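*Asks:* Below is one structure. I have some questions about it.
The values are calculated or read from the model by the stated rules, or taken from the named source; none is laboratory data. A quick note: this is a predicted structure, and the numbers were derived from the prediction, not measured. Note that we place each Cβ from the backbone using ideal geometry, even for glycine, and neighbour counts take in every protein chain shown.
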Amino acid sequence: MIYLDNAATTKVDPSVLNSFVKVNETLYYNPNSPHQAGLQAERLLQQAKEQINQALRLKNAYDIIFTSGATESNNIALKGIAYRKKDTANEIITSVLEHPSVLEVVRYLAEKEGFVLKYVNVKSNGQIDIEHLKSIMNERVGLVTCMYVNNIMGQIQPIQQIVNVLKDYPKVHFHVDAVQALGKILLDLEGIDSLSLSGHKFNGLKGQGLLITRTAHNIEPIIHGGGQEFGVRSGTVNLPMAVSMVKAINNAVKQTDELHQKLTSYQQQIREMVQSYPGVKINSPKDAAPQIINIGFPGVKGEVLVNAFSKQDIMVSTTSACSSKRGKLNEVLLAMGISEKQIEGSIRISMGQMTTQKDIDSFKEKFEMIYEEVKELLK
Ligand code: PMP
């Protein structure tokens with residue numbers, strides 16, 4: 001099987017799994033327990049947090065909160081920060097490009113909790129419009145949230161340009177969903193207030209997430225209980241998850257340059273191949289992250305294409321696994337001005353650390369067969 005759906009999830013790296021199993025077997029203690037074993041677990045937990053700060057080169061040590069994934073991290077951060085700022089700065093800025101774990105949260109805050117929600121415009125290359133952001137900023141904005149790399153098209157957002165705009169507004173908290181970015185591009189996290197990550201997107205485990213924040217005390221807890229993790233994420237800390245997350249992050253950071261090069265070459269090969277098939281369009285911008293390439297077959301249904309590839313043992317996705325079942329036109333592609341026909345016939349190919357040249361060669365071969373099957377439908 002050729003797996004080209006790595007933006008949905010990746011295969012766990014054996015070193016991460018081993019570390020998870022090992023800590024489960026040897027250090028299963030609760031870091032909150034007052035005895036020797038508990039203290040040992042607590043030391044390991046703190047060490048894991050320091051190592052994450054080091055791996056991500058975060059200056060001034062950020063607070064690290066272990067969660068079950070980026071959906072939880074985004075919920076804790078966005079709700080928790082918004083609630084703290086409700087009386088002083090109740091405007092939130094985002095864009096329609098965000099993952100549902102951000103968009104649905106800010107929509108909820110606007111519809112049910114009375115926050116004012118503004119969407120920054122999107123340019124045809126899929127980046128947010130910095131000039132428009134400047135024009136909608138004001139003293140009442142308390143939260144700006146923007147993803148680093150889009151999960152459907154792969155475009156990279158100008159995070160440092162956003163940081164620059166926000167410098168004039170010291171009350172604003174800037175949250176970044178970096179789920180699809182870590183390990184694939186070099187991150188510049190200077191000036192970011194909080195960051196979400198999900199281990200299973202970079203060969204970690206499912207159910208392994210992180211919320212990294214300048215100070216957890218700015219977050220109003222939405223989960224109440226024993227007060228673990230700065231009181232922001234109560235519940236017994238999953239130490240084996242935490243320790244194996246360090247492994248996953250270290251692997252991802254160490255491999256970034258090499259992986260970037262490898263996937264850039266694969267992406268280039270796919271682009272060149274697609275261009276030789278009349279009627280097939282590349283939706284992703286030229287300077288997208290190397291692992292994601294979105295392709296449109298106007299006139300053909302995305303599901304038909306995914307099934308055709310699937311029958312050939314190649315796993316690709318329509319738009320994204322999270323929204324492909326909802327059956328509505330994808331907002332990200334719409335925002336980039338792509339035609340309805342092209343959106344309906346779009347597939348996402350997403351590569352990862354375990355993708356090989358052989359996979360790409362097979363993909364190219366099967367692509368030709370599938371093209372022959374559907375070319376009459378292309379409009
Ligand atoms: N943000 C982005 C950009 C994502 O791609 C995903 C996963 N599709 C998430 C957040 C949510 O991550 P998880 O499903 O691991 O909670």
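*Asks:* Looking for whichever is more than 16 Å from the ligand (Cβ to nearest atom), assigned to a loop (DSSP other than H, G, I, E, B) and not charged (D, E, K, R) here; the options are G352, G299. Which one fits? Reasoning before the result, please.
*Replies:* Working: G352 fails: more than 16 Å from the ligand (Cβ to nearest atom).
When all the criteria are applied, what remains is G299.
*Asks:* Name the residues in the range 185-200 that are over 14 Å from L58 (Cα atoms) and touching a Lys or Arg at 6+ places or on another chain (Cβ under 9 Å), would you?
*Replies:* S198, G199, H200
*Asks:* I want to confirm something. Restricting to the range 1-40 and keeping residues that are aliphatic (A, V, I, L, M) and within 19 Å of the chain's Cα centre (by Cα), which single residue is surrounded by the fewest Cβ atoms within 10 Å (Cβ to Cβ)? Break it down into steps so the answer makes sense when it comes.
*Replies:* Our first condition is that a residue be aliphatic (A, V, I, L, M); within the range 1-40, this holds for 1-2, 4, 7-8, 12, 16-17, 21, 23, 27, 37, 39.
With the extra rule that they be within 19 Å of the chain's Cα centre (by Cα), the set shrinks to 4, 7-8, 12.
Numbers: L4: 25, A7: 26, A8: 17, V12: 19.
Per the criteria, the residue is A8.
*Asks:* Residues that are within 16 Å of the ligand (Cβ to nearest atom), in a strand (DSSP E or B), under 30 Å from T318 (Cβ atoms) and among the β-branched types (V, I, T): does the range 77-96 have at least one? Explain how you work it out, then say what you get.
*Replies:* In the first step, residues of the range 77-96 are kept if they are within 16 Å of the ligand (Cβ to nearest atom); the result is 77-79, 94-96.
Then keep just the ones that are in a strand (DSSP E or B); that gives 94.
Next cut, under 30 Å from T318 (Cβ atoms) only: 94.
Those left that are additionally among the β-branched types (V, I, T): 94.
There is at least one residue in the range 77-96 that is within 16 Å of the ligand (Cβ to nearest atom), in a strand (DSSP E or B), under 30 Å from T318 (Cβ atoms) and among the β-branched types (V, I, T).
*Asks:* Which one of N238, N250 is more than 16 Å from the ligand (Cβ to nearest atom) and modelled with pLDDT of 95 or more? Please lay out each step first, then the result.
*Replies:* Details: N238 fails: more than 16 Å from the ligand (Cβ to nearest atom).
Residue meeting the stated conditions: N250.
Residue-wise test of (1) away from the ligand (no atom under 12 Å from the Cβ); (2) within 28 Å of I295 (Cα to Cα); (3) among the hydrophobic types (A, V, I, L, M, F, W, C).
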{"site": "D63", "(1), (2), (3)": "yes, no, no"}
{"site": "N74", "(1), (2), (3)": "no, no, no"}
{"site": "P100", "(1), (2), (3)": "no, yes, no"}
{"site": "A110", "(1), (2), (3)": "yes, no, yes"}
{"site": "K118", "(1), (2), (3)": "yes, no, no"}
{"site": "P158", "(1), (2), (3)": "yes, yes, no"}
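*Asks:* Could you list, in sequence order, all residues of the range 199-239 that are more than 30 Å from L4 (Cβ to Cβ) and assigned to a helix (DSSP H, G or I)?
*Replies:* Looking only at the range 199-239, we keep the residues that are more than 30 Å from L4 (Cβ to Cβ), and these are 213-239.
Those that are more than 30 Å from L4 (Cβ to Cβ) and assigned to a helix (DSSP H, G or I): A216, H217, N218, E229, F230, G231, L239.
*Asks:* With crowded, with 21+ Cβ neighbours inside 10 Å and either within 17 Å of the chain's Cα centre (by Cα) or at pLDDT 95 or above (or both) as the only criterion, which of Q261, Q208 stands out?
*Replies:* Numbers: Q261 fails: crowded, with 21+ Cβ neighbours inside 10 Å.
None of the other options fit; the residue is Q208.
*Asks:* Would you tally the residues in the range 128-146 being in contact (Cβ under 8 Å) with a residue 40 or more places away in the chain and either among the aliphatic types (A, V, I, L, M) or surrounded by 17 or more Cβ atoms within 10 Å (Cβ to Cβ) (or both)?
*Replies:* Taking the range 128-146 first, the residues in contact (Cβ under 8 Å) with a residue 40 or more places away in the chain are 133, 136-146.
Next cut, either among the aliphatic types (A, V, I, L, M) or surrounded by 17 or more Cβ atoms within 10 Å (Cβ to Cβ) (or both) only: 133, 136-137, 141-146.
Counting residues in the range 128-146 that are in contact (Cβ under 8 Å) with a residue 40 or more places away in the chain and either among the aliphatic types (A, V, I, L, M) or surrounded by 17 or more Cβ atoms within 10 Å (Cβ to Cβ) (or both) gives 9.
*Asks:* Suppose we keep only residues that are surrounded by fewer than 14 Cβ atoms within 10 Å (Cβ to Cβ) and in contact with a strand residue (DSSP E or B) (Cβ under 8 Å, 6 or more places away or on another chain) within the range 264-297. Which one would you say is nearest to V179 (Cα to Cα)?
*Replies:* D287
*Asks:* What do you reckon, is V21 more than 15 Å from the ligand (Cβ to nearest atom) and either touching a His at 6+ places or on another chain (Cβ under 8 Å) or outside any loop (DSSP other than H, G, I, E, B) (or both)?
*Replies:* On the way: more than 15 Å from the ligand (Cβ to nearest atom): yes; either touching a His at 6+ places or on another chain (Cβ under 8 Å) or outside any loop (DSSP other than H, G, I, E, B) (or both): yes.
Against the criterion (more than 15 Å from the ligand (Cβ to nearest atom) and either touching a His at 6+ places or on another chain (Cβ under 8 Å) or outside any loop (DSSP other than H, G, I, E, B) (or both)), V21 qualifies.
*Asks:* Quick check on the range 165-185: of everything there that is within 11 Å of the ligand (Cβ to nearest atom) and without any contact (Cβ under 8 Å) to a residue 60 or more places away in the chain, which residue is surrounded by the most Cβ atoms within 10 Å (Cβ to Cβ)?
*Replies:* Applying the filter and picking the extreme gives V176.
*Asks:* Checking K123 against (1) surrounded by 15 or more Cβ atoms within 10 Å (Cβ to Cβ); (2) more than 30 Å from R271 (Cβ to Cβ); (3) away from the ligand (no atom under 16 Å from the Cβ), which test does it fail?
*Replies:* K123 satisfies every listed condition except (2).
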